[in-house]
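Colleague: Structure incoming, see below.
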Amino acid sequence: MAVGVGVGVGAEVGVGVGGGSGAGVGVAGGSELGVDAGAASASAGRFLDALADRLALGVASVVALLDPGCVVLGGEVGQAGGDELAVRVAERVTRMSPLPAEVRPSVLGGAAVLRGALLTAQDGAQGELFG
């Protein structure tokens, strides 16, 4: 399942969850839809809090085992949640783990793993061909 959150300037809020049937909610300029922008913002905040709670459990486990110092929220979730999600996850990890870890959002998007795999394959092929 893929989850994406986007909170724009003003009253723009977008929340999407993709999976079997897919579902999505979008609110842009609450007055056009008869939705209070404050309520939409509060709803997006609650969604980010719930997502941060779940991500923090996994991040705290990784921090406890590997002590990485920095954790990057990768892929579409990290990019869509941005700094707002990273701050919320970092606050929760600080409460859960005695080890310090910085939490940052990804800037590479969903293709980061593919890019890394391609670069690794390219390096391996160059090593084989040119020694």
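Colleague: Ignoring any ligand, DNA or RNA, what whole percent of the accessible area of the stretch 76-118 comes from carbon and sulfur when the probe is 1.4 angstrom?
Modeller: Roughly 61 percent, rounded to a whole number.
Colleague: Put V93, V87 in order of accessible area, largest first, 1.4 Å probe: what do you get?
Modeller: Descending order: V87, V93.
Colleague: Right, something else. Count charges around R115 for me, please; just the other residues with Cβ under 15 Å from its Cβ, Lys/Arg as +1, Asp/Glu as -1.
Modeller: Every neighbour counted, the sum reads -2.
Colleague: Also, quick follow-up: Students sometimes get this wrong: rank L73, L119 by accessible area, probe 1.4 Å, all chains present, largest first.
Modeller: Final ranking, largest accessible area leading: L119, L73.
Colleague: Here's something else I'd like to know. Using heavy-atom solvent-accessible surface (probe 1.4 Å) with all chains present, what is the largest-first order of F47, F130?
Modeller: From most accessible down to least: F130, F47.
Colleague: Need one value: the accessible area of L55 in square angstrom, 1.4 angstrom probe, rounded to the nearest 10.
Modeller: Looks like 50 Å² after rounding.
Colleague: Which value, in Å² and to the nearest 10, is the accessible area of L65 when all protein chains are kept and the probe is 1.4 Å?
Modeller: 150 Å²
Colleague: Taking the Cβ of G45 as the centre, find all other residues whose Cβ is under 12 Å away and add up their charges (Lys, Arg: +1; Asp, Glu: -1).
Modeller: Within the 12 Å Cβ shell, the charges total 0.
Colleague: Further question: Name the residues whose placed amide hydrogens come within less than 5 Å of the amide hydrogen of V71, ignoring near sequence neighbours (fewer than 5 apart) on the same chain.
Modeller: Under 5 Å from the amide H of V71 lie the amide H atoms of E102, V103, R104, each far enough along the sequence or on another chain.
Colleague: Just add up the charged neighbours of L85: K/R +1, D/E -1, any other residue whose Cβ is under 12 Å from the Cβ of L85.
Modeller: Charge balance near L85 sits at -2.
The values are calculated or read from the model by the stated rules, or taken from the named source; none is laboratory data. None of the values given here were measured: they were computed from a predicted structure. When we count neighbours, we look across all protein chains shown, and the Cβ atoms used for this are built from the backbone with ideal geometry, even at glycine. Surface areas here come from the heavy atoms of the whole protein model, side chains and all, with no ligands, DNA or RNA. Shrake-Rupley method; radii C 1.70, N 1.55, O 1.52, S 1.80 Å.
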